[in-house]
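Data block below; observations after.
The values are calculated or read from the model by the stated rules, or taken from the named source; none is laboratory data. Quantities reported herein were computed from a predicted structural model and do not represent experimental measurements. Every residue, glycine as well, gets a Cβ built from its backbone with ideal geometry; the counts of neighbours run over all protein chains shown. Please note that ligands, DNA and RNA were not included when accessible areas were found on the heavy atoms of the full protein model with its side chains. Shrake-Rupley method; radii C 1.70, N 1.55, O 1.52, S 1.80 Å.
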Amino acid sequence: MLSSDDTGHTNLVICARVRPDKESEFAHWHVRLQTAVLAAPGALSFEYRPPAPPDQEEAIALASFDTMESLRRWRHGDESRALIAQAVRLVEGGIVMQLAGQAAAGYIPQHSATELIITQIKPGKEDAYRAFAERIQKAQEAFPGYVGSFVQPPHQKEPGWTTLFRFAELLKESEDLTLGFAAQRIDTSFPGWVPTDPATGKQPGIWKTASLVLLTLFPVVVLELKFLTPHLRTLNPALGTFVGNAISVGLTTWPLMPLAVRGFHAWLFPENQPRWLVLTSPLVLLCCYVVEIALLWRLL
């Protein structure tokens, strides 16, 4: 069922209930759907809203086309049929509904951390930017609280691509593809000692971060107790403790944690890393603990 909205554009809503054991596969599928739709003649924009129970049980995609004929060509094309066929095994009952409506057309993310980017693409870099936008989409989906996305290529006299996304760190990757952009920051996350994995959009487990903090902080504290604390005894205990902690935090934050993250990068971010390296990294970490304790055993 097809219809046109008030702007004269034609919208197609695709919705389905995703099987719990197929959420990861469906996430990759809808990114492929987005890429295919935006490459289709007459496509104006693509919007996606993941399930948000209990109010919304279905995953919803809204594809907007310039004319009814453009939309019909897309729906009856081989690529569209193949994508819908792929989705059948990923959803409950094998039911993928395609219907017209304006329910998702005016969707605006609310109560979320969102970045709005208007990007000018370098000539000849359009396909590379589409691939870059696909990686952004994958990163968004891994973020807890994700509520949707919107991607719109430029049309007529519009200055550039319009993209809503959540991870400002990914902007650096687009520098070789773009001439410039105008950004409106709605909210940001606070960076920590360990960065987010750009391949998955996830941060490593807290216990992994804590393990590296222990690795880097332990020798600093022991060395301070031996060489710094005797010189701070003439100070007020509160002031002396503050100075010692400030030095410990500074050394851990800047030279030591970045080195530890680099050395154990495969363990922190195992996506696409050699399996042997991921599996042996914890053993290497334990060896580092043993070496530190052995070297500092008789220091105090």
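Working only within region 229-245, note down all residues that are closer than 22 Å to Trp297 by Cβ and open to solvent by less than 40 Å² (accessible area, probe 1.4 Å).
Of everything in region 229-245, just one residue is closer than 22 Å to Trp297 by Cβ and open to solvent by less than 40 Å² (accessible area, probe 1.4 Å), namely Gly244.
Specify the residue that is modelled with the lowest pLDDT; the eligible residues are those in region 3-12 that are surrounded by fewer than 21 Cβ atoms within 10 Å (Cβ to Cβ) and either in a strand (DSSP E or B) or in contact with a helix residue (DSSP H, G or I) (Cβ under 6 Å, 6 or more places away or on another chain) (or both).
Filtering region 3-12 for residues that are surrounded by fewer than 21 Cβ atoms within 10 Å (Cβ to Cβ) and either in a strand (DSSP E or B) or in contact with a helix residue (DSSP H, G or I) (Cβ under 6 Å, 6 or more places away or on another chain) (or both), the one modelled with the lowest pLDDT comes out as Ser3.
Quick one: which helices (runs of 4 or more DSSP H) lie wholly within region 18-102 and hold at least 2 residues that are small (Gly, Ala, Ser) and open to solvent by less than 30 Å² (accessible area, probe 1.4 Å)?
Values: elements: 23-38, 68-75, 78-88.
So the answer is 23-38, 78-88.
Would you point out the residue of region 267-291, among those that are within 16 Å of Ile206 (Cα to Cα) and hydrophobic (A, V, I, L, M, F, W, C), that is surrounded by the fewest Cβ atoms within 10 Å (Cβ to Cβ)? Before the answer, list the steps.
Kept after step one, since they are within 16 Å of Ile206 (Cα to Cα), are these residues of region 267-291: 267-270, 282, 285.
Now narrow it down to the ones that are hydrophobic (A, V, I, L, M, F, W, C): 267-269, 285.
Working: Trp267: 21, Leu268: 23, Phe269: 22, Leu285: 19.
Filtering first and then ranking leaves Leu285.
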